[in-house]
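Trainee: To start, I am sharing the structure in question, which I have written as structure tokens.
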Amino acid sequence: MTEYPHLLPAYRQYAEMGIEERVAWIRADRWLETADARAALARLEDLLSYPPRDRMPCLLLYGDTGMGKTKIIRKFLRDHQPKFDRGTGVTIMPVVAMQMPAEPVERDVYGELLNAMSAPGPGGDATFRLKTTCRTLMRKMGVRMLIIDEIHAMLTGTYRQQRIFLNVIRFLANDLKVPLICAGTDLARQALLTDPQLAERFEAFHLKRWSNTQQLSQLLASLGSILPLREPSQLGTAAVRRKVLDMTDGVTVRVFRLIETVAVDAVRTGAEAIKLDSFDGDNLVLPLVAMARRSERRLQRQAS
Ligand SMILES: Nc1ncnc2c1ncn2[C@@H]1O[C@H](COP(=O)(O)OP(=O)(O)O)[C@@H](O)[C@H]1O
Ligand SMILES: [Mg+2]
């Protein structure tokens, strides 16, 4: 007899674990391939295999905070890790991903880029020299794609700083002959579009909020088939989907946190399954302020 037939075979063993071990398992960082994430990764793969040419295509991965942009980038980096070549003594780094500097200052952008290539920082070098160093190093390390995450940080700069920053982006997009990928919010997209040349170069990929679709059913079903609960959950019903959307506004991070919270609750209370009423628990500690506020509003509405 197979125990826990509601779980994928590889995950059944975890349902055997004790309470706190399962709680830790539920809360651990993991990667789940959602429909949009899969499509975004496929797009990135396609761009990585693009033959070098004068104007390389660029991609803007945009969506609200918590929609999974950074997660997708990290997964792509894991799929394309740097390799040290013993023969030449050079590290080959097909994909370089950098963070936006705290301020959109040209010098700091190159500093972050050097940092992403594990090179010594900018030191006292002049900006134009840093630019050359970055370019040389990228060639030497066989970089075939540059990713800049949190591009919306440019909006913290003054108007002038933002213009200069867009020039830097244009330089990177034109001069490096590698696809440039930027990830950020919709505001960043709008800022990027104010530059006609960039608007022409960038294709946009929108990570949309979840809605009541097949994709959401799939996400909930896959969570139901891996979370170490001993009884089958009711994550496949339309009522649960509506509940989840109502409590999370369809933001990925909230969906994950909400399901984790009810799953932990199901383990600790011994309920061992997620049902529609699992989402109404009085002592459910809602993980995100926004969600807590929402459910408060709902309670007020119910009370009045
Ligand atoms: N594909 C995924 N698999 C698992 N967890 C995810 C996934 N996408 C998002 N998450 C969860 O949402 C959180 C926020 O995602 P993140 O990539 O940082 O969002 P963004 O960069 O768009 O603001 C992650 O820390 C993770 O907990
Ligand atoms: Mg991010």
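All of the numbers you see were taken from the coordinates with simple rules; none came from a lab. On a predicted model such as this, the values are computed, not experimentally measured, just so you know. Cβ: placed from backbone, ideal geometry, glycine included. Neighbour counts: every protein chain shown.
Trainee: May I ask for the distance between the Cα centers of segment 182-220 and segment 44-102, given as a whole number of Å?
Mentor: Their Cα centres are 17 Å away from one another.
Trainee: Can you sort D36, D277, D195 from fewest to most other Cβ atoms within 10 Å of each residue's own Cβ?
Mentor: On the way: D36 20, D277 10, D195 17.
In increasing order of surrounding Cβ atoms, one gets D277, D195, D36.
Trainee: Assuming 0.36 nm per residue, please report the length gained on full extension of the stretch R78 to D125 beyond their Cα-Cα distance.
Mentor: On the way: separation 47, 0.36 × 47 = 16.92 nm, distance 3.18 nm.
Length difference between fully extended and current span is 13.7 nm.
Trainee: Further, regarding this structure: Which whole-number percent is the relative contact order of the chain (Cα, under 8 Å, 6+ apart)?
Mentor: Details: 417 pairs, mean separation 73.1, N = 304.
That works out to 24 percent.
Trainee: Just to be sure I understand: if I project the alpha-carbon convex hull of segment 61-144 onto a plane and average over all orientations, what area do I get in nm²? Could the numbers behind the result be given before it?
Mentor: On the way: hull surface 26.0 nm².
Taking the Cα atoms of segment 61-144, their convex hull projects to 6.5 nm² on average.
Trainee: Next question, about the same structure. Which of Y11, Y159 comes first, and how do the rest follow, when ranked by fewest Cβ neighbours within 10 Å? Kindly include the intermediate steps, with their values, before the conclusion.
Mentor: On the way: Y11 15, Y159 7.
Least to most surrounded, the residues fall as Y159, Y11.
Trainee: In segment 35-206, what % of DSSP beta bridges are antiparallel (nearest 5)?
Mentor: Working: 3 of 20 bridges.
The antiparallel proportion sits near 15 percent.
Trainee: Return, ordered by residue number, the residues of segment 37-79 whose backbone nitrogen is under 17 Å from a label point located 7 Å along Cα→Cβ of S118.
Mentor: 77-79
Trainee: Just add up the charged neighbours of G89: K/R +1, D/E -1, any other residue whose Cβ is under 14 Å from the Cβ of G89.
Mentor: On the way: positive: K83, R86, K140; negative: D85.
Once all neighbours under 14 Å are counted, the net charge is +2.
Trainee: Determine the calculated [θ] at 222 nm for the chain from helices alone, applying -39500 (n - 2.57) to every DSSP H run no shorter than 4 residues and normalising by the residue count; nearest 500 deg cm²/dmol. Working shown, then result.
Mentor: Values: 12 runs with 147 residues, N = 304.
Computed ellipticity for the chain at 222 nm equals -15000 deg cm²/dmol.
Trainee: Based only on other Cβ atoms within 10 Å, what is the fewest-to-most ordering of T185, T158, T127?
Mentor: Values: T185 19, T158 10, T127 15.
Ascending number of Cβ neighbours within 10 Å: T158, T127, T185.
Trainee: Here's something else I'd like to know. What does the charge count around A263 come to, taking other residues whose C-beta lies under 13 Å from its C-beta (Lys +1, Arg +1, Asp -1, Glu -1)?
Mentor: Details: positive: R22, R27, R30, R230, R257, R268, K275; negative: E231, E260, D265, E272.
Here the charged neighbours net out to +3.
Trainee: So how compact is segment 35-206: Cα radius of gyration and Dmax in angstrom?
Mentor: 15.3, 48
Trainee: Moving to a separate point now. Could you estimate the translational diffusion coefficient of the chain from the Stokes-Einstein equation, with Rh from the Kirkwood formula over C-alpha pairs, at 20 °C and 1.002 mPa s, in whole µm²/s?
Mentor: Numbers: Rh = 21.7 Å.
Reported coefficient: 99 µm²/s.
Trainee: Looking at V23, G87, A40, which one has the Cα that reaches farthest to the positive end of the dipole of segment 23-108 (charges on Cβ: Lys, Arg +1; Asp, Glu -1)?
Mentor: V23
Trainee: For the chain, what proportion of DSSP beta bridges, expressed in % and rounded to the nearest 5, is antiparallel?
Mentor: 15
Trainee: A further question on this structure: Can you give the local net charge around Q99? Use residues other than it whose beta-carbon is closer than 9 angstrom to its beta-carbon, Lys and Arg +1, Asp and Glu -1.
Mentor: Numbers: positive: none; negative: E112, D149, E150.
Summing Lys and Arg as +1 and Asp and Glu as -1 gives -3.
Trainee: Within segment 182-211, which trypsin sites (Lys or Arg not before Pro) sit in a loop by DSSP and count at most 13 neighbouring Cβ atoms inside 10 Å?
Mentor: Working: sites: R189, R201, K208, R209; in loops: K208, R209.
Here the trypsin sites (Lys or Arg not before Pro) that fit, given the DSSP loop and packing criteria, are K208.
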